[in-house]
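The values are calculated or read from the model by the stated rules, or taken from the named source; none is laboratory data. Owing to the predicted nature of the structure, the values given are computational and were not obtained by experimental measurement. FYI the Cβ positions are ideal-geometry reconstructions off the backbone, even for glycines, and counts take in every protein chain you see. These accessible areas exclude ligands, DNA and RNA; they are computed on the full protein's heavy atoms, side chains included. Shrake-Rupley method; radii C 1.70, N 1.55, O 1.52, S 1.80 Å.
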Amino acid sequence: MAAPASANRDRDRDRERQVSVSAMIKHGFIPDSPSTLSPSRTFSSSPPPPAPPPHTQTLFEMMSGTKHSDETRRRIQDRISKLLQHAPFHANPGDVRVTVVEKDGFRVTMDVDKSVLSQKSRFFADKLRGGSSQSQSHTVEISECESDDVEAYVEVVVFMYCEDNVMKKLIGQSVSKILTLLKVSAAIMFDIGVAACLDYLEAIPWTEDEQDEIMSQLGYLQLHRSASQLLLRLSSDPSTAPRMSADDIFASLLTGVLQAKDDKARREMKALLSKLLQEDPSCSHDRTKLDVSKDTLYHLCHNCINSLVLCLSDASSTAERPDRGALITEIAREADNIQWIVDILIAKKIGEEFVKIWADQKELAALHSRVPTVYRHEISRITAQLCIGIGRGHILVPKETRFSLLSTWLEALYDDFGWMRRASRAVDKKSVEDGLCQTILTLPLLQQQALLLKWFDRFLNKGDDCPNIQKAFEIWWRRAFIRKYSADTDHSKLQITLSDYQS
């Protein structure tokens, strides 16, 4: 029973397409006597877009637009003229006169063999059936076409005469031109032309804009089933696709970047993956959210932190190291890996847990204090990164976590700040200082006081090698001594009077 059902579906689609084409070509197509057909419209590649707001053209724009339009029309007409001169029906006119009329009035007439139309086009075969005389002539007019469609109709009729592979005739054509030929071929049910256009599109590369154009046209012409091979470029069959989830792919890619040996390639792939992970899928046809999971990102974070602990343990040993440069590079790489993943976490608004993880790294902070600054200063950039995120409101954590972060890592950041500023162009001194100011000012007043008084003494001794957070100091001072607020004071001036209401 499956085969008859499939055949019925095919007949239904053909019937729907005939209805659409009948909207293009008037009823009473070819009766026994010669008649003229005047189609009301041709297919368009997509539903008409909303009308743009009115624009008053300047004289120069009107003249330029007219000149450009005239030149374009002239080029199209020249191409059509060449097509007709070399057309197989030019020397031996047929018994069906097909006239294609552009909206602006330009028309092209072709005298085509009825047998060719009937054999190659199911639409013409249906309409030309039942003629009383083999020698009887017919007239068909297809009107209100776009300029490109007029040329496409001529080309499609020429293709009907081809005995060779039609697809080879398409070599060198643009995607836009192929879609126009596909539209016309589908309209008149020229199956060989439809197949040739689809096979050609399957064999050539597309830009992303062309991809969207192709998908729009296939949807409008209801050709998705015929274009199944073509669509394999954009989607996979779940039954044949390898059983590897999107998260597994993301995890593999991220791990590859974290372990990369070539620094230049690593930087390029980091930038690429960061961009792709931040792209919004809501503008795509498939709204399914495919993304790297939170668990995967945090698993990678823990791996990098563990590697960092091992590196700092090696760096803290008292023995002279011949591989000092390699160790410095390895520590910087692991710190940079963590910063990259934290950037992704912050962009995805799931960075809160990492602040707690980093605040709890007491062992790492202790090792940090025992190794030379040249080894460790990249690690303090992680703390700076978190303070910037908190200070900008991009990471929301409880005040206990904020204070724990600063208790564990603020002294280390102070110690490394000079090296950070001099050794890395990527460090924005002002952003770090602003982040520290804002983070400290989110704490309870007594904790602000403890942190800022310590900073005051350190800044007096270190100067520019210590972050300048006097802005936070000024605000704390005013809060503590000038513009004091009391939680017990009722500043409300709202008065409420209760009275009985008698109805």
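Examine the range 181-189 for a residue that is assigned by the TED database to the domain that holds Ser147, open to solvent by 40 Å² or more (accessible area, probe 1.4 Å) and modelled with pLDDT of 90 or more, and state whether such a residue exists. Looking through the range 181-189, none of the residues is assigned by the TED database to the domain that holds Ser147, open to solvent by 40 Å² or more (accessible area, probe 1.4 Å) and modelled with pLDDT of 90 or more. Those helices (runs of 4 or more DSSP H) of the range 202-258 in which 2 or more residues are among the polar types (S, T, N, Q) and at pLDDT below 90 occupy 228-231.
Of all residues in the range 181-192, those that are out of contact with any Gly (no Cβ under 9 Å at 6 or more places or on another chain) and free of Cβ contacts under 8 Å to residues at least 40 places away in the same chain total 0. Would you check if there is a residue in the range 194-201 being of a type in the set (A, V, I, L, M, F, W, C), closer than 23 Å to Val98 by Cα, assigned by the TED database to the domain that holds Ser121 and open to solvent by 70 Å² or more (accessible area, probe 1.4 Å)? Within the range 194-201, none of the residues are of a type in the set (A, V, I, L, M, F, W, C), closer than 23 Å to Val98 by Cα, assigned by the TED database to the domain that holds Ser121 and open to solvent by 70 Å² or more (accessible area, probe 1.4 Å). Scoring Cys304 on the criteria (1) farther than 24 Å from Gln259 by Cα; (2) open to solvent by less than 10 Å² (accessible area, probe 1.4 Å) leaves a single failure, condition (1). Against the list (1) surrounded by fewer than 21 Cβ atoms within 10 Å (Cβ to Cβ); (2) of a type outside the set (Lys, Arg); (3) not in a helix (DSSP H, G or I), the condition Val158 fails is (3). Residue pairs whose Cβ atoms lie under 8 Å apart, separated by 6 or more positions or on different chains, with the first residue in the range 394-417 and more than 20 Å from Asp343 (Cβ to Cβ) and the second open to solvent by 30 Å² or more (accessible area, probe 1.4 Å) and part of a loop (DSSP other than H, G, I, E, B), are Lys399/Thr442; Lys399/Pro444; Ser404/Asp360; Thr408/Asp360; Thr408/Gln361.
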